[in-house]
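Here's the structure, in structure tokens; my notes come after.
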Amino acid sequence: MAPPTFLVSLAQATEAQYIEDPAAGIDFRRVVHGEETFTLHRPVVAGDRLIPTLTVESVRAAGGHAMVSTRVDLTEESGADVASVRSMLVVRGD
């Protein structure tokens, strides 16, 4: 059985696709990781083939910075829920 934090590598790789998209307008050099939470629907075990899906839940301004809330839902190939990883990214202002 994998610890829940094992999923952070898959979640961050999925978030990177959004951060690196020029349309997002995010300079990765200005990104600070704010927080992370995990919701497990079942344990992750060796041999699982997980499918990540990214949702940008909100983008808001706070104190001259942008706060980006994301959720990566991880499912089995069958579509059954395995876990969700929520992150808050802070994009520092000038």
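All of the numbers you see were taken from the coordinates with simple rules; none came from a lab. Keep in mind the model is a prediction, meaning the values are calculated, not measured. Ideal geometry is used to build each Cβ from the backbone, glycine not excepted, and the neighbour counts take in all protein chains shown.
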Checklist outcome for this item: Here the stretch 81-94 yields Karplus 3J(HN,Hα) values (6.51, -1.76, 1.60; θ = phi - 60°; whole Hz; Gly and Pro given as x) of 5, 10, 6, 10, 10, 9, 9, 10, 10, 9, 9, 4, x, 5
Next on the checklist: In the stretch 1-39, whose amide N lies under 15 Å from the spot 7 Å out along Cα-to-Cβ of residue 67? List them in ranges.
Outcome noted: 32-37
Checklist entry - Among 25-36, 8-19, how do they line up from the highest to the lowest mean number of other beta-carbon atoms within 10 Å? => result 8-19, 25-36
Next on the checklist: If you average the C-alpha positions of the stretch 1-23 and of the stretch 37-94 separately, how far apart do those two centres end up, in angstrom?
Outcome noted: 7
Item to check | Other-chain or far-sequence residues with amide H under 5 Å of residue 41's (modelled H) | outcome: 83, 84
Checklist entry - If we sort 37-46, 83-92 on the protection proxy, mean other Cβ atoms within 10 Å, highest first, what's the order? => result 83-92, 37-46
Next on the checklist: If N is the number of residues in the chain, what value comes out of its Cα radius of gyration divided by 2.2 N^0.38 Å?
Outcome noted: 1.14
Next on the checklist: Restricting to DSSP H runs of at least four residues, report the calculated mean residue ellipticity at 222 nm for the chain, -39500 (n - 2.57) per run over all residues, nearest 500 deg cm²/dmol.
Outcome noted: -4500 deg cm²/dmol
Next on the checklist: Skipping prolines and chain starts, which residues have an amide H placed within reach, meaning under 5 Å, of the one on residue 34, given they are 5 or more residues away or on another chain?
Outcome noted: 88, 89, 90
Checklist outcome for this item: In degrees rounded to 10, the 0-90 angle between helix 7-19 Cα long axis and the longest Cα principal axis of the chain is 40
Checklist outcome for this item: Per the rule of 0.36 nm per residue minus the C-alpha distance, extending residue 21 to residue 39 adds in nm 3.8 nm
Item to check | Inter-label distance, nm, simple model (7 Å from Cα along the C-beta direction), residue 32/residue 51 | outcome: 3.8
